[in-house]
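Every number here is computed from the coordinates shown, using simple stated rules; none is lab data. All values reported here derive from a predicted model rather than from experimental measurement. Cβ sites come from the backbone with ideal geometry, for glycine too, and all protein chains shown count toward neighbours.
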């Protein structure tokens, strides 16, 4: 299985859309070193050896999905053609976006952080009692953590199960009308919720949540927006490509820099100073911790725990969408689910549902949860 050793957590076909030289090189800003690298080797970006396991099964499924999704994204960029809603190609586009969200190092680290928080808060004391019963000193558990050996594999399996929950969402393409270009990163899918951000404890960006917005930069000129069309109006009804101003481009770039793990990627060398400025502004907003935990209800003998991945640490208002819901309405402690979430579509790709079944089977083989 040596041919599947190099497993990318951001698709190479995707990064080529930001290439600085015919798909072979790419410009990047390394956040930890605060260093610009022009014309870096593209094929050496965003990969780890055997990231999803040495059996190659997850990697093979991802490659199969990428092959078909690449054609759809190429159509969007070069032919300005979007899939029709509730069709096979719509399902494929949605699949590659949500899988990209779930397959990164950032996603794996976030999942393990959630698991370890639950361990530290709930299970560690039980583990200590269990260990003492077997003659293991409590001190040996000091500093211990809990997590998956291959968290990215688990995260992918969870992401695949979330795809049908987003089939009711609308989608459009945002097009820059400014000299400022879109950038991307090693964690390129941004989840946001302008309607619910900061109004509830915990997260407001579940795939079933009212007001969810999913952004994926497609090139220096275009960003895909998948959104709750019952909460936002984006452009005219028949308008598939929506022009946005410089302020909104800079806002999306800032959010991209906040959620990035290590690297920002950009197409034009002339954007170097803009990228440096964006990265500098993002530093104060970047949160080392990706997850949170709070006690929702407590009695003398029990607790109800809410464990979640944190939303991006920046509240913004986009100029390209209009809120259709009253943002002053009380949310009673949580963002409600959308009425049509998780209904899916009978017209969706049978091949992709077969792929989804394969991922679920892999999850069960590994003892992973069947449902999110």
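Observations, loosely collected:
- Most fluctuating residue given options 85, 336, 32, as computed from a GNM of the chain linking Cα atoms under 10 Å: 32
- DSSP beta bridge pairing in the chain, given as percent antiparallel to the nearest 5: 90
- Gaussian network model of the chain, Cα within-10 Å springs - most flexible of 331, 38, 158: 331
- √(5λ) per eigenvalue of the Cα gyration tensor, the chain, largest first, Å: 33, 25, 23
- Taking only the Cα atoms of the stretch 43-202, the radius of gyration and Dmax are 20.6, 68 Å.
- Relative counts (whole %) of C-alpha pair distances in the stretch 226-322, using bins that are 10 Å wide: 12, 31, 29, 19, 7, 2, 0
- For the chain, calculated [θ]222 nm from helices alone, where every DSSP H run of n ≥ 4 adds -39500 (n - 2.57): -9500 deg cm²/dmol
- In this simple spin-label approximation, residue 146 and residue 119 carry label points 7 Å from Cα along the Cα→Cβ vector, and these lie 0.7 nm apart.
- Normalised contact order of the chain, rounded percent, pairs of Cα under 8 Å and 6 or more residues apart: 22
- Modelled spin-label separation between residue 130 and residue 5, with each label point placed 7 Å from Cα along the Cα-to-Cβ direction: 3.6 nm.
- Length added when fully stretched, residue 80-residue 47, from 0.36 nm per residue minus Cα-Cα: 8.9 nm
- Percent of C-alpha pairs per 10 Å bin, the stretch 46-133, short to long: 14, 30, 24, 19, 9, 4, 1
- Take the Kirkwood radius over Cα pairs of the stretch 155-257, plug it into Stokes-Einstein at 4 °C and 1.567 mPa s, and you get 90 µm²/s for translational diffusion.
- Computed across the stretch 249-300, the Kirkwood hydrodynamic radius from all distinct Cα-Cα pairs reaches 13.1 Å.
- Most fluctuating residue given options 84, 35, 134, as computed from a GNM of the chain linking Cα atoms under 10 Å: 134
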